[in-house]
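J.: Have a look at this one.
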Amino acid sequence: MNHSKDLFLGVRPHLSLLYGYLTEEERKEAQEKVGVARINNGSFGCSPASVTSALQQWQLKWLRQPDRFYFNESHKGILKSRNTVKDLINAEDVDEISTVDNATTAVAIVLHQMQWAFSEGRFKKGDAVITLQCTYGAVKNSIKAYFERAGRYVIEVPFQFPVNSSEEIINEFLMALVKEKGSGRRVRLALIDHVTSMPSVVPPVKKLVEVCREEGVDQVFIDGAHGVGCVDVDMQEIGADFYTSNLHKWFFCPASVAFLYCRKSVAHSELHHPMVSHDYGKGLAIESCWIGTRDYSPSLVVPSAVEFTNRFEGGIDGIKRRNHDAVVEMGKMLAKAWGTNLGSPPDMCTSMIMVGMPACLGVSSDDDA
Amino acid sequence: MSVALGVTSSSERESKLECFSASPENFSTPATAAIETDGGSFILTSFEDLGLWIWIMKGDAVITLQSAYGAVKNSIKAYFERAGGYVIEVPFQFPVNSSEEIVNEFQMALVKEKASDRRVRLALIHHVTSMPSVLLPVKKLVEVCREEGVDQVFIDGAHGVGCVDVDMQEIGEDFYTSNLHKWFVCPASEVNHTFRTASSYGVSHDYGKGLAIESCWIGTRDYSPLVIPSAVEFTNRFEGGIDGIKRRNHDAVVEKGKMLAKAWGTNLGSPPDMCASMIMVGMPACLGVSSDDDALKLRIHLREKFGVEVPIYYRMPKHEEVAKTTTAYARVSHQVYNKVDDYYKFRDAINQLVCDGFTCARSL
């Protein structure tokens with residue numbers, strides 16, 4: 001197998017990541033061809049040729065004989081991917097894993113069941129969801145669409161950036177919960193990013209989950225959009241009720257494939273995919289395997305992505321560690337060159353880091369940015 | 001990225017306007033992988049969203065035909081019934097003899113509910129039903145809905161574009177959905193909707209900007225089925241474009257359907273003018289299809305043993321019908337890639353099974 005030919009579509013990762021799989025000439029050639037120094041893997045990820053080739057093979061199988069594929073291959077292939085995810089994240093049971101398009105869909109599923117709980121009287125008007133101020137914008141929209149719209153209450157915990165320590169975040173969060181408890185409000189859901197987006201920081205999720213349990217929050221949902229392949233994701237360690245992660249951001253799958261983990265103890269009968277199809281009522285994991293005619297091939301290449309990461313020293317853990325070390329080194333280099341600062345301590349970064357830009361550039365709005 | 005997608009979507013809208021005679025402001029082209037059940041869930045989500053608080057009072061109804069697609073019926077159950085809504089399922093006789101049968105049953109059902117003061121919030125009607133497949137008189141049904149005071153009409157044209165004439169001004173409904181991967185040569189999956197107001201289930205950055213814009217981005221996914229202009233270009237290579245293709249598909253499938261029915265001594269499931277590019281052909285009663293399970297197993301048998309891919313519909317016989325009544329109908333399609341040999345292969349496969357004394361009970 002000629003590993004040097006295993007190109008990422010349109011971009012080459014840094015040489016040090018691939019430990020000899022690329023020559024310097026190949027790397028330069030790839031960079032020149034593309035003409036862009038893409039240091040934004042965080043938005044849309046990347047996918048190597050071996051995985052996109054697997055994707056195309058699945059796609060062709062599907063397009064050529066869709067009936068046969070639907071009856072004989074699709075569900076089996078998705079089950080294999082679900083089992084792969086279960087092992088990756090140390091979940092107890094494959095029934096806890098559903099494949100979804102993206103974290104946006106996972107959020108819709110969890111908030112949807114909350115909406116029904118309100119409308120069916122299990123939750124009361126004024127019951128709350130708690131989230132950090134830096135929660136992803138699209139997730140805030142979801143909360144608005146599903147939660148706020150009918151008079152439910154949203155607690156947004158202030159978030160200071162630049163961040164100095166994990167304790168800052170924990171203290172603010174705890175204060176907010178204690179205050180609501182004091183006023184008799186019931187907090188039905190905590191929705192916390194595992195790695196925030198903009199600005200990007202790793203909140204101390206394990207500790208935040210503990211705080212939620214101590215303060216009587218009903219359910220905890222960790223939005224690990226950047227999770228798998230970026231940070232350590234261990235369901236037994238983190239202890240949340242729900243966890244979602246995209247696999248197309250940091251796990252080398254093509255867009256788009258993600259999963260929603262629902263702990264066994266959660267009432268699964270209340271969880272449904274919003275796209276209702278033939279398997280409605282058979283459990284979220286089964287419902288999610290078929291939500292109508294579409295191309296399911298991104299869900300089917302997860303084993304191929306595992307095979308790719310295992311070619312690297314230390315597998316995905318080795319990649320994560322080297323990405324982290326490299327991005328901290330580069331971040332410090334940039335901050336030094338510009339006379340600026342980093343946005344958080346290195347231990348609150350993963351494969352992404354926030355680097356201050358010179359004030360003289362005069363960025364004074366989102367629009368300027 | 002969202003700007004680029006917006007531009008692309010505009011050009012798609014332009015290229016589709018000719019096909020659909022829709023007004024641009026009503027037209028939404030979600031740049032998403034589309035799903036025939038998308039139509040059902042999109043609308044019903046918005047109903048459920050608004051309905052719990054404003055639109056649906058307990059006991060308000062949705063009306064649909066008994067032949068509505070199974071996944072859509074599940075959507076109605078998941079959203080409408082769960083919120084306390086009432087479902088009116090209009091009986092549907094198959095084989096079908098005329099459009100008037102369907103219109104009459106539908107009207108009778110509406111008149112009855114009106115008399116009992118029930119408010120019908122939504123009519124959900126297929127343009128072309130799935131199994132069994134029949135082309136419904138949707139324009140007339142929409143008129144009946146308007147006369148009888150139904151709030152909103154949603155036509156589920158899953159088999160719409162490229163199969164039947166789809167003209168928003170002609171049909172006059174409030175909502176219409178169609179897949180483009182079934183009969184408009186797009187890869188799975190691509191859909192278009194026309195909406196007045198609704199919101200997507202996948203809430204992302206463009207929430208609140210209207211469904212057309214919201215649908216352009218519902219989180220990271222593969223938006224590459226943005227190939228509608230390419231599909232239009234392809235269909236325009238054929239004589240008469242998509243209209244020519246539709247017409248020839250219809251004529252061919254009626255001809256093949258009649259050929260099969262004659263060869264097997266059976267009947268068609270509806271008059272030819274109630275077919276589009278698909279036709280229901282009765283299968284010999286001696287095959288003994290007596291359940292949905294038999295129908296599925298026979299389908300698999302035809303695929304595995306004879307290399308014929310065709311869905312089979314099980315029609316439960318009524319009490320008064322004789323033992324030898326037709327209980328299985330094959331839904332035969334025609335598209336530009338089909339050849340007459342495909343249909344001979346099917347004809348001969350069934351003849352072989354009959355000759356061998358095959359029955360579902362004994363042989364599967």
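J.: So in region B:167-190, with the set limited to residues that are more than 14 Å from chain A (Cβ to nearest Cβ) and open to solvent by 10 Å² or more (accessible area, probe 1.4 Å), which one is farthest from B:R118 (Cα to Cα)?
T.: Across region B:167-190, the extreme among qualifying residues is B:D167.
To keep it simple, each residue is scored yes or no on (1) in contact with a His (Cβ under 8 Å, 6 or more places away or on another chain); (2) in contact (Cβ under 8 Å) with a residue 12 or more places away in the chain; (3) under 19 Å from A:F71 (Cα atoms).
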| position | (1), (2), (3) |
| --- | --- |
| B:C286 | no, yes, no |
| B:D293 | no, no, yes |
| B:L296 | no, yes, yes |
| B:E304 | no, no, yes |
| B:E309 | no, no, yes |
| B:M316 | no, no, no |
| B:D341 | no, no, no |
| B:I350 | no, yes, no |
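J.: Keeping to region A:274-284, report how many residues are closer than 22 Å to A:S119 by Cα and more than 9 Å from every other protein chain (Cβ to nearest Cβ).
T.: 2
J.: Looking only at region A:335-369, how many residues end up being in a helix (DSSP H, G or I) and surrounded by fewer than 16 Cβ atoms within 10 Å (Cβ to Cβ)?
T.: Residues meeting the conditions: 8.
J.: Among the residues of region A:242-265, are any in a helix (DSSP H, G or I) and either within 11 Å of another protein chain (Cβ to nearest Cβ) or hydroxyl-bearing (S, T, Y) (or both)?
T.: no
J.: If you don't mind, there's one more thing I want to ask. Enumerate the pairs (first residue in region B:173-191 and within 21 Å of A:I291 (Cβ to Cβ); second residue anywhere and modelled with pLDDT under 85 and of a type in the set (D, E)) with beta-carbon separation below 7 Å, excluding pairs fewer than 6 apart on the same chain, so at least 6 apart or on different chains.
T.: Partner pairs satisfying both residue conditions: B:T177/B:D38; B:N179/B:E36; B:L180/B:E190; B:H181/B:E190; B:V191/B:D38.
J.: Here is a follow-up. Based on what the data block shows, is B:Q93 away from chain A (no Cβ under 14 Å), part of a helix (DSSP H, G or I) and either among the basic types (K, R) or within 27 Å of B:C163 (Cβ to Cβ) (or both)?
T.: no
J.: What do you reckon, is A:V205 touching a residue at least 40 places away in the same chain (Cβ under 8 Å), at negative phi, more than 14 Å from every other protein chain (Cβ to nearest Cβ) and not polar (S, T, N, Q)?
T.: no
J.: Right, something else. Taking the condition of being touching a strand residue (DSSP E or B) at 6+ places or on another chain (Cβ under 8 Å), among the aliphatic types (A, V, I, L, M) and in a helix (DSSP H, G or I), how many residues in region B:243-282 meet it?
T.: Selection size over region B:243-282: 5.
J.: Give the residues of region A:70-90 that are buried (at least 19 other Cβ atoms within 10 Å of the Cβ) and at pLDDT below 95, sorted by residue number.
T.: A:S74, the sole residue that qualifies.
J.: How many of the residues making up region B:77-90 are buried (at least 18 other Cβ atoms within 10 Å of the Cβ) and either within 14 Å of chain A (Cβ to nearest Cβ) or more than 16 Å from B:G59 (Cβ to Cβ) (or both)?
T.: 6
J.: Moving on to the next point. From the list B:K345, B:K324, B:K297, exactly one residue is open to solvent by 60 Å² or more (accessible area, probe 1.4 Å) and under 30 Å from B:D243 (Cα atoms). Which is it?
T.: Of the residues listed, the single one that is open to solvent by 60 Å² or more (accessible area, probe 1.4 Å) and under 30 Å from B:D243 (Cα atoms) is B:K345.
J.: Report whether or not A:E237 is without any contact (Cβ under 8 Å) to a residue 60 or more places away in the chain, open to solvent by 20 Å² or more (accessible area, probe 1.4 Å) and over 19 Å from A:T135 (Cα atoms).
T.: no
J.: Among the residues of region A:104-138, what is the count of those that are in a helix (DSSP H, G or I), closer than 16 Å to A:S245 by Cα and open to solvent by 10 Å² or more (accessible area, probe 1.4 Å)?
T.: So the answer is 1.
J.: Looking at B:V308 and the list (1) within 14 Å of another protein chain (Cβ to nearest Cβ); (2) more than 12 Å from B:A328 (Cα to Cα); (3) part of a helix (DSSP H, G or I), which single condition is not satisfied?
T.: Status for B:V308: all satisfied but (3).
J.: Tally time: how many residues in region A:119-146 are in contact with a helix residue (DSSP H, G or I) (Cβ under 6 Å, 6 or more places away or on another chain), over 30 Å from A:C349 (Cα atoms) and either within 9 Å of another protein chain (Cβ to nearest Cβ) or at pLDDT below 85 (or both)?
T.: 2
J.: From the residues in region B:283-294 that are assigned to a helix (DSSP H, G or I) and in contact with a Leu (Cβ under 8 Å, 6 or more places away or on another chain), which one is least open to solvent (accessible area, probe 1.4 Å)?
T.: In this case the residue turns out to be B:L287.
J.: Between A:P162, A:P204, which is within 30 Å of A:F44 (Cα to Cα) and out of contact with any helix residue (DSSP H, G or I) (no Cβ under 9 Å at 6 or more places or on another chain)?
T.: A:P162
J.: Mind counting the residues in region B:51-76 that are modelled with pLDDT of 70 or more and either away from chain A (no Cβ under 11 Å) or open to solvent by 10 Å² or more (accessible area, probe 1.4 Å) (or both)?
T.: Qualifying residue count for the region: 16.
J.: Can you find, within region A:285-305, the residue that is farthest from A:T99 (Cα to Cα) among those that are within 12 Å of chain B (Cβ to nearest Cβ) and part of a helix (DSSP H, G or I)?
T.: Ranking the qualifying residues of region A:285-305, first place goes to A:S297.
J.: Would you please list the contacts, defined by Cβ atoms under 9 Å and residues six or more apart or on different chains, that run from a residue in region A:92-114 that is more than 8 Å from every other protein chain (Cβ to nearest Cβ) to a residue that is among the polar types (S, T, N, Q) and surrounded by fewer than 23 Cβ atoms within 10 Å (Cβ to Cβ)?
T.: Correct list of pairs: A:E92/A:Q236; A:V94/A:N83; A:I97/A:N83; A:V110/A:Q219; A:M114/A:Q219.
J.: Let me ask another. Please identify the pairs in which a residue from region A:27-49 that is within 14 Å of chain B (Cβ to nearest Cβ) has its Cβ atom under 7 Å from the Cβ atom of a residue that is part of a loop (DSSP other than H, G, I, E, B) and modelled with pLDDT under 85, counting only partners at least 6 apart or on another chain.
T.: Every condition considered, the pairs that remain are A:F44/B:T220; A:C46/A:L9; A:S47/A:L9.
The values are calculated or read from the model by the stated rules, or taken from the named source; none is laboratory data. Every value quoted in this text rests on a predicted model; they were computed, and no experiment measured them. All Cβ positions, glycine included, derive from the backbone under ideal geometry; neighbour counts span all protein chains shown. Each accessible area value is taken on the protein alone, full model and side chains, heavy atoms only, with ligands, DNA and RNA left out. Shrake-Rupley method; radii C 1.70, N 1.55, O 1.52, S 1.80 Å.
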